[in-house]
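*Asks:* This is the structure, below, for whatever I ask next.
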Amino acid sequence: MHPEILAQPGYTSVAVDEAPVKELFPGIRLRPLWTGENGAHANVVEFDPGSTWPERDVHEPGSEEVFVVSGVFNDGARDYPAGTFIHAPAGSWHVPATATGCTLFVFYPEG
């Protein structure tokens with residue numbers, strides 16, 4: 001074992017179930033996992049079945065990286081099943097929704 005790994009500056013972990021929950025919209029919850037010094041951040045977003053983001057979700061100031069952990073995510077154009085990775089460049093947009101419910105890991109490398 002190497003316990004010194006955990007003493008490294010910035011090295012962190014969090015259990016998703018222990019992350020605070022913030023309701024963004026009805027049926028859509030955010031669990032913040034990590035925020036970096038430059039504004040980068042990682043979250044888990046949970047969608048109940050039949051939930052829809054009420055407006056365009058514009059990716060600013062940088063890109064959005066999405067991994068579909070479970071369920072089926074729809075970006076307003078097509079369905080993405082669990083195991084799918086999506087890169088949305090800065091300035092792009094989508095309208096997140098799901099018929100079945102889904103859980104996403106979402107990373108913003110530039111804040």
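The values are calculated or read from the model by the stated rules, or taken from the named source; none is laboratory data. All figures in this text were calculated on a predicted structure; none of them were measured in a lab. Backbone-built Cβ (ideal geometry, glycine too); neighbour counts: all protein chains shown. We work out accessible area using only protein heavy atoms, side chains counted, and drop any ligands, DNA or RNA first. Shrake-Rupley method; radii C 1.70, N 1.55, O 1.52, S 1.80 Å.
*Asks:* Ranked by accessible surface with a 1.4 Å probe, highest first, in what order do Thr52, Thr98 come?
*Replies:* Ranked list, largest accessible area first: Thr52, Thr98.
*Asks:* While we're on this one: Per 0.36 nm of contour for each residue apart, how much would the distance between Leu24 and Phe107 grow if the chain were fully extended, relative to their Cα-Cα spacing?
*Replies:* 28.2 nm is the gain from fully extending Leu24 to Phe107.
*Asks:* Expressed as a rounded percentage, what relative contact order does the chain have, with Cα pairs under 8 Å and six or more residues apart?
*Replies:* 29
*Asks:* Okay, moving on. Which order do peptides 57-64, 35-42 fall in by mean Cβ count within 10 Å, highest first?
*Replies:* The most tightly packed comes first, giving 57-64, 35-42.
*Asks:* Continuing with this model, one more query. Sequence-distant or interchain residues sharing an amide H contact under 5 Å with Glu60, placed H: which?
*Replies:* Residues meeting the amide H criterion: Gly91.
*Asks:* Here's another thing I want to ask about it. Leaving out ligands, DNA and RNA but keeping every protein chain, what accessible area does Trp93 have, in Å² rounded to the nearest 10, with a 1.4 Å probe?
*Replies:* Counting only protein heavy atoms, the figure is 120 Å².
*Asks:* Points 7 angstrom from Cα along the Cβ direction at Asp57 and Ala90: gap in nanometres?
*Replies:* About 2.0 nm, to one decimal.
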